[in-house]
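S.K.: Below is a structure I'd like to ask you about.
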Amino acid sequence: MTTKEFLIDQFTSNYDTDGWFVALGNTLKDLSAEDAAWKTDGVDNSIWGIVRHLNFYNERFLKRFKGETVEELEIENSETFAGAASVSEEAWEAEIERFDRVMGSWRNEFEAADEEKFREIYNEKDQTTWAEVVGMINAHHAHHGGQIVVLRKLQGSWDASKGVS
């Protein structure tokens, strides 16, 4: 298995094909805007905020992967978790459509890339390759997918027949 094939398999199991754990995209199915915006005491982020955070970073890294320039931002990571300005089903569906669009673009870029792309240096400072960055992006997706399942369990919106009973 090539590095590219391995990373695509990892991406798939993190995005839309359940395996050892529920894929991130599947954690969001059948979730209302109200439930997506819900937070409880002791929890910093809502599911909606997590999805916005993922969209923010996925869009930026995707642009870099495609060779586009991405301006440096002076923003705190916590600001990327901002929830919705107003809670509506239309706004939530727009956020999910954005998520699916970005994730679909990632899949297309991975499939179109040659093996050499994954050996390219992403960061000259520490000599990080794209393979290492994509591996961390995949781990980031798994991490937040787990958070979403926990939040859904806490609020009572998780269907245990979907996995992770």
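The values are calculated or read from the model by the stated rules, or taken from the named source; none is laboratory data. All figures in this text were calculated on a predicted structure; none of them were measured in a lab. In this analysis, Cβ positions are derived from the backbone assuming ideal geometry, glycine residues included, and neighbour counts consider all displayed protein chains. The area values use the complete protein model at the heavy-atom level, side chains included, leaving out ligands, DNA and RNA. Shrake-Rupley method; radii C 1.70, N 1.55, O 1.52, S 1.80 Å.
S.K.: Could you say whether any residue in segment 87-107 is within 22 Å of GLY25 (Cβ to Cβ), out of contact with any Asp or Glu (no Cβ under 7 Å at 6 or more places or on another chain), among the aliphatic types (A, V, I, L, M) and not in a helix (DSSP H, G or I)?
M.R.: No, there is no match, as no residue in segment 87-107 is within 22 Å of GLY25 (Cβ to Cβ), out of contact with any Asp or Glu (no Cβ under 7 Å at 6 or more places or on another chain), among the aliphatic types (A, V, I, L, M) and not in a helix (DSSP H, G or I).
S.K.: OK, next. Within segment 50-67, does at least one residue satisfy the condition of being β-branched (Val, Ile, Thr), open to solvent by less than 30 Å² (accessible area, probe 1.4 Å) and at pLDDT 90 or above?
M.R.: Within segment 50-67, one or more residues are β-branched (Val, Ile, Thr), open to solvent by less than 30 Å² (accessible area, probe 1.4 Å) and at pLDDT 90 or above.
S.K.: For the structure I just gave you, tell me whether GLU109 is free of Cβ contacts under 8 Å to residues at least 60 places away in the same chain, surrounded by 15 or more Cβ atoms within 10 Å (Cβ to Cβ), among the acidic types (Asp, Glu) and touching a helix residue (DSSP H, G or I) at 6+ places or on another chain (Cβ under 9 Å).
M.R.: So GLU109 does not fit the description; no.
S.K.: Please go through segment 68-97 and give me each residue that is open to solvent by 60 Å² or more (accessible area, probe 1.4 Å) and within 20 Å of TYR15 (Cα to Cα), ordered by number.
M.R.: Selection gives GLU93, GLU97.
S.K.: Would you tally the residues in segment 143-165 being part of a helix (DSSP H, G or I), buried (at least 17 other Cβ atoms within 10 Å of the Cβ) and hydrophobic (A, V, I, L, M, F, W, C)?
M.R.: Selection size over segment 143-165: 3.
S.K.: Of all residues in segment 31-49, which are touching a helix residue (DSSP H, G or I) at 6+ places or on another chain (Cβ under 9 Å), modelled with pLDDT under 95 and of a type in the set (D, E, K, R)?
M.R.: LYS39, ASP44
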